[in-house]
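Written below as structure tokens is the structure these notes are about.
The values are calculated or read from the model by the stated rules, or taken from the named source; none is laboratory data. Worth saying up front: this structure is predicted, and the values here are computed from it rather than measured. All Cβ positions, even for glycine, are placed from backbone atoms using ideal geometry, and neighbour counts span all protein chains on display. Heavy atoms of the whole protein, side chains included, go into the accessibility calculation; ligands, DNA and RNA do not. Shrake-Rupley method; radii C 1.70, N 1.55, O 1.52, S 1.80 Å.
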Amino acid sequence: MTDPVTTPEPAEHHKIDTSVPHSARIWNYWLGGKDNYPVDEAAGDAYTAVFPGIVTIARSSRAFLRRNITYLVSEAGIRQFLDVGTGLPTAQNTHEVAQRIAPEARIVYVDNDPMVLGHARALLYSTHEGATAYIDADVTDPDRILADAAKTLDFGRPTALILSNILGHVADGDQARSIVTRLMDALPSGSYLSINDGSRGIDPVFEQAQDAYNSSGAVPYNLRTVDEITAFFDGLELIEPGVVSVTQWRPEPPGTPTPEVVAEHGGLARKP
């Protein structure tokens, strides 16, 4: 298992610019990780000055993913995961959660960010029984993703596709839906789709902060309505409670008071 605070040296052929803030490093900062620089902390603090709730959203998103994976391994019997747009490694990475329950689980991570690539080795530690691989590819190139992932995963067996906070980077909604369709079409019956993304129409202060961030010259992240997020699951069987605020997807422990709604929605669905 990987140590969540391990920080290997970046690969020499990937230039890491530490003079400007970087979205993956800012997200890492909000999650409490250590793979960020003062410029990222300053940008993250500037965002939280406008919308302090972004830290709650970031951490609730990670907790949602952990609960999804736990369900997939423990209740659905899934042993293969394709995690697209994984970002910088922090605590509770997909392979850590899955292999803690099922050491034989196999995980393929996908990202194309130089900063993430520089830390890829932190994701590559697997249990002896399982496997963990990393693909340098863009979410907008699903054919390449599938071709490379097939070297580690058996697409004849049910597989969980994880798209956590990545589809917001695809501005065109039709293109985003096409990507999801192409990836899920390659997976057999009994596979699952997990998606969570920032949502529009819930918190106007969050929307103002994100719109300002997008206009700053940083790589934009596009919020979508709950209906638009739900549409990604068309043709699939949503697992209860459906597409909800990530804090309200099977909160732990069961029976606790319903957590607050945050402007990040997600769901999990099975391919019939």
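Given the criteria part of a helix (DSSP H, G or I), open to solvent by 20 Å² or more (accessible area, probe 1.4 Å) and in contact (Cβ under 8 Å) with a residue 12 or more places away in the chain, does Asp138 qualify?
Values: part of a helix (DSSP H, G or I): no; open to solvent by 20 Å² or more (accessible area, probe 1.4 Å): yes; in contact (Cβ under 8 Å) with a residue 12 or more places away in the chain: yes.
Here the answer is no, as Asp138 does not meet what is asked.
Taking the criterion of being more than 15 Å from the chain's Cα centre (by Cα), open to solvent by 10 Å² or more (accessible area, probe 1.4 Å) and not small (Gly, Ala, Ser), the residues of the stretch 71-112 that qualify are Tyr71, Glu75, Arg79, Arg100, Ile101, Pro103, Glu104, Arg106. Reported count of residues in the stretch 123-155, each being within 13 Å of Asp111 (Cβ to Cβ) and touching an Asp or Glu at 6+ places or on another chain (Cβ under 7 Å), is 2.
Checked against (1) touching a residue at least 40 places away in the same chain (Cβ under 8 Å); (2) surrounded by fewer than 21 Cβ atoms within 10 Å (Cβ to Cβ), Ala133 passes all but a single condition, namely (1). Determine, yes or no, whether Asp3 is surrounded by fewer than 14 Cβ atoms within 10 Å (Cβ to Cβ), modelled with pLDDT of 85 or more and among the acidic types (Asp, Glu). The answer is no for Asp3. Among the residues of the stretch 153-172, are any acidic (Asp, Glu), touching a residue at least 40 places away in the same chain (Cβ under 8 Å) and within 27 Å of His265 (Cβ to Cβ)? So far as the stretch 153-172 goes, no, none of its residues is acidic (Asp, Glu), touching a residue at least 40 places away in the same chain (Cβ under 8 Å) and within 27 Å of His265 (Cβ to Cβ). Every test in (1) modelled with pLDDT of 85 or more; (2) touching a helix residue (DSSP H, G or I) at 6+ places or on another chain (Cβ under 6 Å); (3) farther than 22 Å from Tyr125 by Cα; (4) of a type outside the set (Gly, Ala, Ser) is passed by Val73 save one, and that test is (3). Within the stretch 39-50, residues that are over 12 Å from Trp27 (Cβ atoms) sit with their Cβ atoms under 7 Å from residues that are among the small types (Gly, Ala, Ser) and surrounded by 15 or more Cβ atoms within 10 Å (Cβ to Cβ), at 6+ positions apart or across chains, in these pairs: Val50/Ala209.
Which ones in the stretch 233-258 are open to solvent by less than 90 Å² (accessible area, probe 1.4 Å) and more than 20 Å from the chain's Cα centre (by Cα)?
Step one: list which residues in the stretch 233-258 are open to solvent by less than 90 Å² (accessible area, probe 1.4 Å), which gives 233, 235-239, 241-251, 253, 255-256.
Within the stretch 233-258, Gly235, Glu237, Pro253, Gly255, Thr256 qualify.
Tally time: how many residues in the stretch 36-61 are outside any helix (DSSP H, G or I) and surrounded by fewer than 22 Cβ atoms within 10 Å (Cβ to Cβ)?
Pass one, the stretch 36-61, residues outside any helix (DSSP H, G or I): 36-37, 51-53.
Subsequent filtering for residues that are surrounded by fewer than 22 Cβ atoms within 10 Å (Cβ to Cβ) retains 37, 51-53.
Number of matching residues: 4.
Inclusion of Asn36 among residues that are modelled with pLDDT under 85 and among the polar types (S, T, N, Q) is warranted. In the set (1) open to solvent by 50 Å² or more (accessible area, probe 1.4 Å); (2) free of Cβ contacts under 8 Å to residues at least 40 places away in the same chain; (3) under 28 Å from Asn36 (Cβ atoms); (4) not basic (Lys, Arg), His128 fails one condition alone, (3). Of the helices (runs of 4 or more DSSP H) lying entirely inside the stretch 160-235, those containing at least 3 residues that are modelled with pLDDT under 95 are 204-214. The number of residues in the stretch 243-260 that are more than 17 Å from Thr70 (Cβ to Cβ) and either assigned to a helix (DSSP H, G or I) or of a type in the set (Ser, Thr, Tyr) (or both) comes to 2. Among residues of the stretch 61-88 that are farther than 24 Å from Arg25 by Cα, those with a Cβ under 6 angstrom from a residue that is assigned to a helix (DSSP H, G or I) and open to solvent by 20 Å² or more (accessible area, probe 1.4 Å), sequence gap 6+ or separate chain, pair up as Val73/Ile101; Ser74/Ile101.
Residue count for the stretch 188-206 under the criterion of being over 27 Å from Thr56 (Cα atoms) and either free of Cβ contacts under 8 Å to residues at least 60 places away in the same chain or touching a helix residue (DSSP H, G or I) at 6+ places or on another chain (Cβ under 9 Å) (or both): the result is 1.
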